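> Before I ask anything, let me first share the structure, which is written out below as structure tokens.
The values are calculated or read from the model by the stated rules, or taken from the named source; none is laboratory data. All values reported here derive from a predicted model rather than from experimental measurement. All Cβ positions, glycine included, derive from the backbone under ideal geometry; neighbour counts span all protein chains shown.
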Amino acid sequence: MNCFENVTLPGCVWFDGGDKRNTLASMFAGILFFAGWWFIIDAASVYPGDLPNAAHVCGVMATLSLVMVNSVSNAQVRGETYTGGCMGPRGARLWLFLGFVVGFASLIAACWILFANYVNAGSSKHTWPGVSLFMQNAFIFAGSLVFKFGRTEDVWG
């Protein structure tokens, strides 16, 4: 018998998260997105000379990936609601795939920049700009996944 079976915790009076899955997933994804951009803004303001301007392309591409992945609903990918257009469900799947490719590519590029420019043994730069660049892309990608798969699609009507 487990000793924690008899422990009961009172419910939180001010919070009822039963039917709020979409709201909570959206808020958590927004917090992840904000935290990702906050990391890179912090690194760019504290170490302005150590972070090249071209490194911001990784974050912009991760943001573009977030928009691409979340602009296609799961019903469109399954082919339930989207039958028109020139490509139909195949085009929705292709768009989703390209969105994930852009997201993974930005994450890999940020990792590459981190190790090539900041973790390198001969580098005398601070490592925080590289770590923040990687964390920015990781948080934006995680926010994209939470926003895509953490919500449910409500069937209206």
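> Give the stretch 108-128 a look and list any residue that's hydroxyl-bearing (Ser, Thr, Tyr) and touching a Ser or Thr at 6+ places or on another chain (Cβ under 9 Å), or say none. Step through it out loud before you land on a result.
Going through the stretch 108-128, the residues hydroxyl-bearing (Ser, Thr, Tyr) turn out to be 118, 123-124, 127.
Within the stretch 108-128, just Tyr118 meets the criteria.
> In the stretch 51-97, how many residues are part of a loop (DSSP other than H, G, I, E, B) and either within 30 Å of Val119 (Cα to Cα) or of a type in the set (S, T, N, Q) (or both)?
Narrowing the stretch 51-97 to residues part of a loop (DSSP other than H, G, I, E, B): 51-52, 71-73, 79-88.
With the extra rule that they be either within 30 Å of Val119 (Cα to Cα) or of a type in the set (S, T, N, Q) (or both), the set shrinks to 51-52, 71, 73, 81, 83.
Counting residues in the stretch 51-97 that are part of a loop (DSSP other than H, G, I, E, B) and either within 30 Å of Val119 (Cα to Cα) or of a type in the set (S, T, N, Q) (or both) gives 6.
> Additional query: I'd like to know if the stretch 120-131 contains one or more residues that are under 14 Å from the mean Cα position of the chain (by Cα) and assigned to a helix (DSSP H, G or I). Before you say what the answer is, go through the steps one by one.
To start, the set of residues in the stretch 120-131 that are under 14 Å from the mean Cα position of the chain (by Cα) comprises none.
Looking through the stretch 120-131, none of the residues is under 14 Å from the mean Cα position of the chain (by Cα) and assigned to a helix (DSSP H, G or I).
> While we're here: Across the stretch 12-46, which residue is modelled with the highest pLDDT among those that are among the acidic types (Asp, Glu) and farther than 18 Å from Pro129 by Cα?
In the first step, residues of the stretch 12-46 are kept if they are among the acidic types (Asp, Glu); the result is 16, 19, 42.
Within this subset, residues satisfying the condition of being farther than 18 Å from Pro129 by Cα are 16, 19.
On the way: Asp16: 65, Asp19: 74.
Among them, the one singled out is Asp19.
> Considering the stretch 47-68 alone, what residues qualify as being modelled with pLDDT of 95 or more and either among the aliphatic types (A, V, I, L, M) or in contact with a Leu (Cβ under 6 Å, 6 or more places away or on another chain) (or both)?
Those that are modelled with pLDDT of 95 or more and either among the aliphatic types (A, V, I, L, M) or in contact with a Leu (Cβ under 6 Å, 6 or more places away or on another chain) (or both): Val57, Val60, Met61, Ala62, Leu64, Leu66, Val67, Met68.
> For Ala62, indicate whether it is surrounded by fewer than 16 Cβ atoms within 10 Å (Cβ to Cβ), among the small types (Gly, Ala, Ser) and under 28 Å from Thr152 (Cα atoms).
Working: surrounded by fewer than 16 Cβ atoms within 10 Å (Cβ to Cβ): no; among the small types (Gly, Ala, Ser): yes; under 28 Å from Thr152 (Cα atoms): yes.
Against the criterion (surrounded by fewer than 16 Cβ atoms within 10 Å (Cβ to Cβ), among the small types (Gly, Ala, Ser) and under 28 Å from Thr152 (Cα atoms)), Ala62 does not qualify.
> Now for a different question. Would you mind stating whether Leu133 is in contact with a helix residue (DSSP H, G or I) (Cβ under 8 Å, 6 or more places away or on another chain), surrounded by 16 or more Cβ atoms within 10 Å (Cβ to Cβ) and of a type outside the set (Ser, Thr, Tyr)?
Working: in contact with a helix residue (DSSP H, G or I) (Cβ under 8 Å, 6 or more places away or on another chain): yes; surrounded by 16 or more Cβ atoms within 10 Å (Cβ to Cβ): yes; of a type outside the set (Ser, Thr, Tyr): yes.
Considered against the rule, which asks whether it is in contact with a helix residue (DSSP H, G or I) (Cβ under 8 Å, 6 or more places away or on another chain), surrounded by 16 or more Cβ atoms within 10 Å (Cβ to Cβ) and of a type outside the set (Ser, Thr, Tyr), Leu133 comes out as yes.
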